[in-house]
Amino acid sequence: VQLQASGGGLVQAGGSLSVSCAASGLIFNMYGMGWFRQAPGKEREFVAAISRSGGRTYYEDSVKGRFTISRDNAKNTVYVQMNSLKPEDTAVYYCAAVWDTGRNYYNAGAYAYWGQGTLVTVSS
């Protein structure tokens, strides 16, 4: 299984960035997909998740209204559109896949597969 994240970079505060994650080696539409992030010196935290069908989405409170997670099951790809970025959004962003039981989207320990991460840097 491979999860390949891409699209990170440097953006000014208030700007936007889209990050994607292409999956291979798994039956993509059987897995919920999540995004987590880890800032320097901090623990990895949940950002957003989407059910296997794309019908349900979940967000960490600080990104609600600013980030949008989506997926294209035909392309085995999950996206997160990040708007109104803040310096505190600076982190390495990881995509991950969880066997979709309708639960545990928020729990990093429930995810079976992880991508390598992509760095998002928001300058003030």
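Label separation (Tyr58 vs Lys75): 2.5 nm, computed from points 7 Å beyond Cα along the C-beta direction.
Cys21 sits among other residues whose Cβ lies under 14 Å from its own Cβ, and their net charge, with Lys and Arg +1 and Asp and Glu -1, is +2. The string of couplings for the stretch 2-8 from the Karplus curve (6.51, -1.76, 1.60, θ = phi - 60°) is 10, 10, 10, 8, 8, x, x Hz, one whole number per residue in order, with x for Gly and Pro. Take the alpha carbon gyration tensor of the chain, find the square roots of its eigenvalues, order them as a ≥ b ≥ c, and report rounded if a/c is under 1.5; if not, report prolate when a/b exceeds b/c, else oblate. Here the chain falls in the prolate category. In the stretch 43-74, which residues have a backbone nitrogen under 14 Å from the label point lying 7 Å from Ala108's Cα in the Cα-to-Cβ direction? Within reach of a label on Ala108: 43-48. Please report, as a whole percent, how much of the solvent-accessible surface of the chain comes from carbon and sulfur atoms (probe radius 1.4 Å). So the carbon and sulfur contribution to the accessible surface is 47 percent. Using +1 at the Cβ of each Lys and Arg and -1 at the Cβ of each Asp and Glu in the chain, identify which of Leu17, Ala74, Tyr105 lies farthest towards the dipole's positive end. Of the options given, the answer is Ala74.
Accessible surface area normalised per residue over the stretch 61-124 is 49 Å², counting heavy atoms of protein chains with a 1.4 Å rolling probe. When peptides 21-29, 114-122 are sorted by average Cβ neighbour count within 10 Å, with the highest value leading, the order is 114-122, 21-29. This model, with +1 at the C-beta of Lys and Arg and -1 at the C-beta of Asp and Glu, gives the chain a dipole about its Cα centre of some 180 debye. Computing FRET efficiency as 1/(1 + (r/R0)^6) for Gln4 and Asn29, where r is the C-beta to C-beta distance and R0 is 25 Å, gives about 0.90.
Working from label points 7 Å from Cα in the Cα-to-Cβ sense, the Glu88 to Gln12 distance is 2.2 nm.
The values are calculated or read from the model by the stated rules, or taken from the named source; none is laboratory data. Note that the structure is a prediction, hence the values are computed from the model and not measured. Positions of Cβ are generated from backbone atoms using ideal geometry, with glycine treated the same way; all protein chains shown enter the neighbour counts. Side chains are part of the model used for accessible areas, which takes the heavy atoms of the whole protein and leaves out ligands, DNA and RNA. Shrake-Rupley method; radii C 1.70, N 1.55, O 1.52, S 1.80 Å.
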